[in-house]
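Asker: Input: one structure, supplied below.
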Amino acid sequence: MRNAGRCSRTPPGSTDDREPYALDRADWLWLAGVLLLGALVLAGFALQAYRVTDGQGGVPLDDAWIHFQFARNLARGDGFAFNPGQPTAGSTAPLWTLLLAGSYAVGGRFPLAGQILSAASFLATLAITYGLAKTVTGRRWAAGLAAALTAVNGRLAWASLSALETPLFAALSLMAIGSHVVHSKSDRYRLETAALFGLSTLTRPEGLLLFALSVVDFAIRSIHRQAASRSRAPSQGSPLALRVSRFASHISRLASHVLPAVAVFAALVLPYTLFSLATAGHLFPNTFSAKTTFDFRPDLAFLSLASQYLILDNPLLLPFVLLGVGVLLQRARLLSAWSVGLPLVYAFLHATLYQHGRYLIPLIPCNAILGVAGLLAARRLALRRGWRWRGSSATLLLLVATLAIGGTAWRLPTAARLYAQDVENINQMHVAIGHWVAEQTPAGALLALNDIGAITYVSERRIVDLAGLVTPQIIPLLRAPDRTSRLVAFMAERDVDYVIIFPTWFPGLAEREDLLEPIHRVTLERRTITGGRTMVVYRAHWSGQRH
């Protein structure tokens, strides 16, 4: 019983040059159970949404419709564009956009096709979590527990039916980390590992940070190996000359081992980076400029909210997650660095952690693995101190697993309810206004919007993006002290026909009754996810404003 669930071929914490996540027959039963659990969780969320929306279903964020618009245009041959024929780097997830476009091209229709892709990515994430946890712990039961903790996390389930790139990024980043960990003893940075980091970066720009951390980790391990080799070699010649020679030799060797991997990464990432530079004037997608502002002083409010989400994910497991960060600093340093580093970088970028903390949702599987590693470390510490469990090992394992899974799963009903309400919000406001625009405005009308997804997709109208995601010229206007007058001039110059905004976002525009005539509005009885409770459609009258 003591050895139940332990991998016979790979000792705990060890790595070798086998392929990542090599599975034995005994693993398939664990995987089947975890995947069944994940599928049941998604089914519960979907059923709740269909019940609340009277069978309509849908997605919980307008952002998904932005991806749908890019994908449909690409599939139709209108280019990588939001407005057909106007290329823009408005997507932070070009790989996700390509996958959606492929699904549309073969007959898939949104939002269902996007939800199927995100749900499949979620199930893949569970399988990869199992494999990575098995790699770093050497125990099947620990791998199964980590994957089960991931499966019953309500925030990740919310994202996994959202038709967003979040679960795909979680899966690819985990695969990249796993490949890096498995090949950590290799003298060369593996090209396939670099390719995985490249694909993850094409799914979310944060993948660039993950790749950079992996290169730093590789360099540190290389330095340690070199130091160990020097300690065994006899000293020759002048100490200073020898040190300089060895340092130069090591740098040269390190560069030769890393640069091919950097080239593979760049070959994957550079095309979209250059596209962004050509269409928007900067290396990162428009959303990076629109939603982030670097400051050497970290945003403590962001870190506080990130900590709250970490606690809510599993208050019982939190101490073991923190312990796991320290434990894996030696065995899987990249996993620990990623879990800690991503929130810190976001804090310096002063990003906004809204929508259930979705920018940190990809860390949920990592934190599950860290928590399980922390549990194992705590058990070893207890044994060293002479603490013994008087019952059977199976009873102890069952108790720990029940408490750990229960510590996450208790929020599933709340998360499912919020998911359904979020879907209802988007349907009642954005999708409904999109249909109204399609029916009540001329086909050639130009819209100015602050939420561009569903309204554009459903109405098939050209738009100006007042948030700057696909209209980057707007971003400096939003930060100007006289932004209302500048926005008015911008819209008047382009002869915008209708302005559709949250009045609370643009009070200066909403007050311009001489220019903007309210003709339609939607007010939500219960707002859970939208940027405002009321969205208003205005007819524009720019007489005297054009120059």
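Asker: Run the numbers on the chain and let me know its relative contact order in percent, using alpha-carbon pairs under 8 Å that are six or more apart.
Answerer: Computed over the chain, the figure is 19 percent.
Asker: Counting only protein heavy atoms, what percent of the accessible surface of segment 362-423 is carbon or sulfur at a 1.4 Å probe?
Answerer: Within segment 362-423, the accessible surface is 65 percent carbon and sulfur.
Asker: Follow-up. Each label point is 7 Å from the Cα along the Cα-to-Cβ direction; what then is the distance between the points at Leu399 and Glu192, in nm?
Answerer: Here the answer is 4.3 nm between the modelled labels.
Asker: Here's something else I'd like to know. Relative contact order for segment 290-405: what percent, with Cα pairs under 8 Å and sequence separation of 6 or more?
Answerer: 39 percent
Asker: I've got another one for you. Subtract the Cα-Cα distance of Leu478 and His282 from 0.36 nm times their separation in residues, and report this length gain in nm to one decimal.
Answerer: 68.8 nm
Asker: Once both axes come from the Cα atoms, what is the angle between helix 166-182 and the longest principal axis of the chain, in degrees from 0 to 90, rounded to 10?
Answerer: 20 degrees
Asker: Okay, moving on. Nearest 0.05, what FRET efficiency do His257 and Ser543 give at R0 = 60 Å with Cβ-Cβ as r?
Answerer: Here the calculated transfer efficiency is 0.35.
Asker: Another one. Starting from the amide H of Arg139, placed 1.01 Å from N in the peptide plane, find each other amide H under 5 Å away whose residue is 5 or more places distant or on another chain.
Answerer: Cys7
Asker: Sticking with this one: Place a label point 7 angstrom from the Cα of Phe275 along the Cα-to-Cβ direction, then list the residues of segment 183-217 whose backbone nitrogen is under 11 Å away.
Answerer: It comes to no residues whatsoever.
Asker: If you don't mind, another one. I need the trypsin sites (Lys or Arg not before Pro) found in segment 65-142, filtered to DSSP loop residues with at most 11 other beta carbons within 10 Å of theirs.
Answerer: Filter output for segment 65-142: Arg109.
Asker: Still on this structure, I have one more. Suppose R0 equals 22 Å. What FRET efficiency, 1/(1 + (r/R0)^6) with r the Cβ-Cβ distance, do Leu344 and Ile311 give to the nearest 0.05?
Answerer: Step by step, r from the Cβ atoms, then E = 0.80.
Asker: Right, here's the next one. Can you work out the Karplus-derived ³J(HN,Hα) for every residue in segment 358-363? Use 6.51 cos²θ - 1.76 cosθ + 1.60 with θ = phi - 60°, whole Hz, and x for glycine or proline.
Answerer: Result, ordered by residue: 5, 6, 9, 4, x, 7 Hz.
Asker: Looking at segment 17-79, which chymotrypsin sites (Phe, Trp or Tyr not before Pro) are DSSP coil and have at most 15 other C-beta atoms within 10 Å of their C-beta?
Answerer: none
Asker: How large is ³J(HN,Hα), in whole Hz, for each residue of segment 338-349 in order, when computed from phi with the Karplus curve 6.51 cos²θ - 1.76 cosθ + 1.60 and θ = phi - 60°, using x for Gly and Pro?
Answerer: Values, residue by residue: 5, 5, 8, x, 4, x, 5, 5, 4, 5, 6, 8 Hz.
Asker: What is the spin-label model distance, in nm, from Ala43 to Leu381 if the labels are put 7 Å beyond Cα along the C-beta direction?
Answerer: It works out to 4.0 nm between the two label points.
Asker: Skipping prolines and chain starts, which residues have an amide H placed within reach, meaning under 5 Å, of the one on Phe82, given they are 5 or more residues away or on another chain?
Answerer: Thr88
Asker: Follow-up. Which chymotrypsin sites (Phe, Trp or Tyr not before Pro) in segment 250-310 sit in a loop by DSSP (not H, G, I, E or B) and have at most 10 other Cβ atoms within 10 Å of their own Cβ?
Answerer: Taking segment 250-310 and a limit of 10 other Cβ atoms within 10 Å, the loop chymotrypsin sites (Phe, Trp or Tyr not before Pro) found are Phe294, Phe296.
Asker: Given that just one value was derived from the coordinates, which of (i) 196; (ii) 217; (iii) 180 is volume of the Cα convex hull per residue in Å³?
Answerer: (iii)
Asker: Let me ask something else. How much mean residue ellipticity at 222 nm does the chain get from its helices, if each DSSP H run of length 4 or more adds -39500 (n - 2.57) and you divide by all residues, to the nearest 500 deg cm²/dmol?
Answerer: -20500 deg cm²/dmol
Asker: Could I ask something else about it? Mind checking the full-extension length gain between Arg109 and Ala266? Use 0.36 nm per residue of separation minus the Cα-Cα distance, one decimal, nm.
Answerer: 53.2 nm
Asker: Under the rule of at least 5 residues apart or a separate chain, name every residue whose amide H is placed under 5 Å from the amide H of Asp299.
Answerer: When sequence neighbours closer than 5 places are left aside, the close amide H contacts are Phe348, His350.
Asker: A further question on this structure: List the relative contact order of segment 430-536 as a percent without decimals, with contacts defined as Cα pairs under 8 Å and 6+ residues apart.
Answerer: Relative contact order for segment 430-536 comes out at 23 percent.
Asker: Right, another one. At 0.36 nm per residue, and after removing the present C-alpha to C-alpha distance, how many nm does the segment from Tyr50 to Leu322 gain when stretched out fully?
Answerer: Gain in length upon complete extension: 94.1 nm.
Asker: State the answer as a single residue: which of Leu318, Leu274, Leu466 lies farthest towards the positive end of the charge dipole of the chain, with beta carbon charges of +1 for Lys and Arg and -1 for Asp and Glu, about the Cα centre.
Answerer: The listed residue farthest towards the positive side: Leu318.
Asker: Okay, next question. Pairing the Cα long axis of helix 239-280 with the longest principal axis of the chain, what angle in degrees results, from 0 to 90 and rounded to the nearest 10?
Answerer: That works out to roughly 30 degrees.
Asker: Round to the nearest 0.05 the FRET efficiency obtained for Arg221 and Arg417 when R0 = 30 Å and r is the Cβ-Cβ distance.
Answerer: For Arg221 and Arg417, the calculated efficiency is 0.05.
Asker: Hey, got the dipole for the chain? About the Cα centre, +1 on K and R Cβ, -1 on D and E Cβ, debye to the nearest 20?
Answerer: The calculated dipole for the chain is roughly 2980 debye.
The values are calculated or read from the model by the stated rules, or taken from the named source; none is laboratory data. What you see is a predicted model; the values in this text were computed from it and never measured. With ideal geometry, Cβ positions are generated from the backbone for all residues, glycine too; neighbour counts draw on all protein chains shown. Note: areas computed on protein heavy atoms with side chains; ligands, DNA, RNA excluded. Shrake-Rupley method; radii C 1.70, N 1.55, O 1.52, S 1.80 Å.
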